[in-house]
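Q: Before anything else, here's the structure in question.
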């Protein structure tokens with residue numbers, strides 16, 4: 001019985017002393033971090049209200065965005081690419097009341113505008 005006990009202790013000690021610590025080096029492309037930042041920025045926008053004023057081609061979106069920036073220079077605007085369409089949206093609207101006020105103001109110059117509610 002003593003031989004089995006001593007053998008078990010010797011085996012455990014031997015396996016413990018033979019264990020190796022490993023290290024892993026990950027070589028990550030710099031573009032992956034850029035993609036993660038873009039993904040995170042789109043996730044942040046989902047909690048805010050938005051007003052969409054245009055949906056169509058890239059040239060039309062650029063034209064509408066420049067007109068919108070000239071008409072409302074203090075508002076944050078952005079062109080989003082979804083499938084094959086480009087959408088011009090007013091971003092960073094925190095409350096429904098603020099969205100409704102801006103919508104009424106935008107609707108005078110852009111009658112096709114719609115309010116996009118957060119998910």
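The values are calculated or read from the model by the stated rules, or taken from the named source; none is laboratory data. The model shown is predicted, which means the values in this text are computed figures rather than measured ones. Heads up, the Cβs are rebuilt from the backbone with ideal geometry, glycines too, and the neighbour counts pull from every protein chain shown.
Q: So which of 31, 3 is more than 30 Å from residue 117 (Cα to Cα), modelled with pLDDT of 85 or more and loosely packed, with under 10 Cβ neighbours inside 10 Å?
A: From the options 31, 3, the qualifying one is 31.
Q: In segment 81-119, how many residues are out of contact with any strand residue (DSSP E or B) (no Cβ under 7 Å at 6 or more places or on another chain) and part of a helix (DSSP H, G or I)?
A: So the count comes out to 7.
Q: Out of 85, 80, 74, 92, report the one residue that is within 24 Å of the chain's Cα centre (by Cα) and loosely packed, with under 12 Cβ neighbours inside 10 Å.
A: When all the criteria are applied, what remains is 74.
Q: Still on this structure, I have one more. Identify, please: which residue in segment 53-80 is part of a strand (DSSP E or B) and touching a residue at least 12 places away in the same chain (Cβ under 8 Å) and is, among those, nearest to residue 106 (Cα to Cα)?
A: So, considering only residues that are part of a strand (DSSP E or B) and touching a residue at least 12 places away in the same chain (Cβ under 8 Å), the one nearest to residue 106 (Cα to Cα) is 53.
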